[in-house]
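Read through the structure below, which is laid out as C-alpha cells, and then see the notes.
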Amino acid sequence: MNDISMDLFHTLPPEERILFRQEMVVAIMQVIAKHFTHDSLGNSTSETLAYYESYIGDCDPFSYFAELEGIGSTEPDLDTDFYDEESAQDFEKRMESKYRKENDDH
C-alpha cells in the first residue's frame with residue numbers, strides 16, 4: 001500500500017507493525033467520519049472513531065492485530081477453526097502477490 005511492500009513492512013518489529021495498523025485504521029476512520037455521520041448500520045462514525053482512537057498503543061495479546069503479527073495469545077477454549085487453514089499472514093502475502101501481479105500487468 002502506498003509503495004510500502006510487505007517485505008518493507010516486515011522490517012518493523014511486530015509491536016510497531018501493530019501500532020502502524022492501529023494508526024492506519026484511525027486515519028481511514030477520520031476521513032470516513034469527516035464525510036459521514038453514520039455508517040450503513042446506523043452507527044455513529046464519530047463514536048466508532050473515538051473507539052478506534054482509544055486502542056492506539058494497546059498491546060492486547062488477544063487482539064486481531066496481535067494475531068496477525070503472530071504474537072497474539074489464544075485461550076484454549078476459544079474456537080480455533082475461526083481462521084480456516086490459511087493463517088492471516090499467509091492471506092496477506094497471497095493478496096499482496098495477487099495485486100502486485102495485477103498492477104504490474106497494467
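Within segment 33-51, can you find the residues that are under 18 Å from residue 22 (Cα atoms) and in contact with a helix residue (DSSP H, G or I) (Cβ under 8 Å, 6 or more places away or on another chain)? Listed by number, the residues that qualify are 33, 45, 46, 48, 49. Just to verify a result, which residue in segment 39-85, among those that are hydroxyl-bearing (Ser, Thr, Tyr), part of a loop (DSSP other than H, G, I, E, B) and open to solvent by 70 Å² or more (accessible area, probe 1.4 Å), is modelled with the lowest pLDDT? Of everything passing the filter in segment 39-85, 80 is modelled with the lowest pLDDT. Of the residues making up segment 26-38, those that are of a type outside the set (D, E, K, R), open to solvent by 40 Å² or more (accessible area, probe 1.4 Å) and either under 21 Å from residue 64 (Cα atoms) or assigned to a helix (DSSP H, G or I) (or both) are 27, 28, 30, 31, 32, 35. If the condition is being of a type outside the set (D, E, K, R) and either open to solvent by 90 Å² or more (accessible area, probe 1.4 Å) or touching a Cys at 6+ places or on another chain (Cβ under 7 Å) (or both), then segment 1-17 contributes 1, 2, 11.
Hey, among the residues in segment 86-106 that are of a type in the set (Ser, Thr, Tyr) and either at pLDDT below 60 or outside any loop (DSSP other than H, G, I, E, B) (or both), which one's farthest from residue 8 (Cα to Cα)? Checked segment 86-106; the qualifying residue farthest from residue 8 (Cα to Cα) is 99.
The values are calculated or read from the model by the stated rules, or taken from the named source; none is laboratory data. Please read all numbers here as calculations on a predicted model, not as lab measurements. When we count neighbours, we look across all protein chains shown, and the Cβ atoms used for this are built from the backbone with ideal geometry, even at glycine. Areas reflect the complete protein model, heavy atoms only, side chains present, ligands, DNA and RNA absent. Shrake-Rupley method; radii C 1.70, N 1.55, O 1.52, S 1.80 Å.
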